[in-house]
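The values are calculated or read from the model by the stated rules, or taken from the named source; none is laboratory data. Everything quoted here is computed from the prediction, not taken from an experiment. All Cβ positions, even for glycine, are placed from backbone atoms using ideal geometry, and neighbour counts span all protein chains on display. These area figures cover heavy atoms from the full protein model, side chains too; ligands, DNA and RNA do not enter into them. Shrake-Rupley method; radii C 1.70, N 1.55, O 1.52, S 1.80 Å.
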Amino acid sequence: MNMISTATKLIIKLAEGHHLTQEEFRILLENYKDLQNDATALARQKTVERFGKGIYIRGLIEISNICKNDCYYCGLRRSNPHCRRYRLTSEDILACCQKGYTLGFRTFVLQGGEDGGFSTEELCDLVATIKQQHPDCAVTLSVGERSRSVYQQFYDAGADRYLLRHETADEQHYRQLHPENLSPKIRKQCLKDLKEIGFQVGTGFLVGSPYQTIDHLCADLMFIQDFKPHMIGIGPFIPHKDTPFGQMPAGDLDLTCFLVSLLRLGHPNALIPATTAMGTLAINGRERAILAGANVVMPNLSPPVHRKDYTLYNNKLSDGAEAAESKDVLEARLHAIGYHTVIDRGDFQSAS
Ligand code: SAM
């Protein structure tokens, strides 16, 4: 049997058993250009069987671009002197939620740098107030690494979900992307804590980050296979001009879409976003992600005046279909590929 037919069988094996070995993932990744069409078609079919053509929407509120970390890839890194820093007030954030609610959002994602200026108490009060004002909505936090007791306080305040990408599962590679004070073990421990506490947890990785190899991607797929997150967010690395990786090439959209398909086949119930980075790399990047198995989009609900300051990478999209207030543009683009948005919290559910 030639390698391509072996690999095609592995795609079917993944779809049926939701499990492959690291070596089997390697065969898929080494041959991905020949497998893309089959993987996309099967992942799309499985997504539609499970979720129909409805796409969940999350209102993304970028609450602060102040960060104590210095990740080599990120435009918000503390050593970037050109980043115009801001921190939203609780009133700003509540106003974003109110606007989002009117637009039909039933999940609010509060994401930000690791900004010590937001106390745990303030974040907990904020979460509790959002839940009080919008009891039919879910609140997702994505504010980085905290202690287990802080995560517990967020959960007790009413937060439903937490997003924390592991970025890369390989320890050495992690060290090539982050300064020494950041530890891959702590990041993974945070994910474990979040899950044990009871959050719906999202993780994910950068595709095409500097020094990444096929082995690293296999390790990412294995980590996710073992961890079984409720949400899986991946996106291509895109350079930011004011970071040490400013001259590095961006990740590949075809490969990212292929990985979305593999993740869908391995995790049929997972919530998988078509990420902003995919939409930034190509005009139809968001649609391609959906057709490859994504079922969530996260339009930007931040105050428009600050959107250009949350620049994780060059040319990050924040207008058009990426802007919450242009939901009709998003809707039209989804309709063009046969999909539509749904007004729903869009919680993780095991198959019925
Ligand atoms: N501070 C929180 C954390 O660390 O999880 C949330 C904010 S962080 C900026 C959100 C995500 O942006 C990261 O998990 C990372 O994967 C992504 N990101 C940062 N820089 C990027 C880049 N240059 N290209 C693509 N994605 C990037």
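Worth pointing out:
- Within the stretch 213-229, not a single residue is within 21 Å of residue 279 (Cα to Cα), part of a loop (DSSP other than H, G, I, E, B) and either among the β-branched types (Val, Ile, Thr) or more than 9 Å from the ligand (Cβ to nearest atom) (or both).
- Counted residues, the stretch 275-317 - those being part of a loop (DSSP other than H, G, I, E, B), in contact (Cβ under 8 Å) with a residue 24 or more places away in the chain and not β-branched (Val, Ile, Thr): 18
- Residue count for the stretch 75-91, restricted to those that are within 15 Å of the ligand (Cβ to nearest atom), more than 22 Å from residue 304 (Cβ to Cβ) and either among the small types (Gly, Ala, Ser) or open to solvent by 30 Å² or more (accessible area, probe 1.4 Å) (or both): 2
- Of residues in the stretch 292-323 being more than 16 Å from the ligand (Cβ to nearest atom) and over 18 Å from the mean Cα position of the chain (by Cα), the one most open to solvent (accessible area, probe 1.4 Å): 305
- Hey, residue 62 among the acidic types (Asp, Glu), touching a strand residue (DSSP E or B) at 6+ places or on another chain (Cβ under 9 Å), within 16 Å of the ligand (Cβ to nearest atom) and open to solvent by less than 60 Å² (accessible area, probe 1.4 Å) or not: yes
- Residue ranges of strands (runs of 3 or more DSSP E) in the stretch 48-114 with at least 1 members within 30 Å of residue 337 (Cα to Cα) and free of Cβ contacts under 8 Å to residues at least 60 places away in the same chain: 107-112
- Qualifying residues in the stretch 1-37 (those that are basic (Lys, Arg) and farther than 24 Å from residue 269 by Cβ) - the one surrounded by the fewest Cβ atoms within 10 Å (Cβ to Cβ): 33
- Selection within the stretch 209-223: residues that are under 9 Å from residue 169 (Cβ atoms) and without any contact (Cβ under 8 Å) to a residue 60 or more places away in the chain. The member of this set that is surrounded by the most Cβ atoms within 10 Å (Cβ to Cβ) is 220.
- Test: residue in the stretch 247-260 that is within 12 Å of the ligand (Cβ to nearest atom) and either assigned to a helix (DSSP H, G or I) or modelled with pLDDT under 95 (or both): yes
- Of all residue pairs spaced 6 or more apart or on separate chains, those with beta-carbon atoms under 6 Å, a first member in the stretch 152-168 that is closer than 19 Å to residue 135 by Cα and a second member that is within 14 Å of the ligand (Cβ to nearest atom) and assigned to a helix (DSSP H, G or I) are 162/194.
- Check on residue 72, within 12 Å of the ligand (Cβ to nearest atom) and open to solvent by 10 Å² or more (accessible area, probe 1.4 Å): yes
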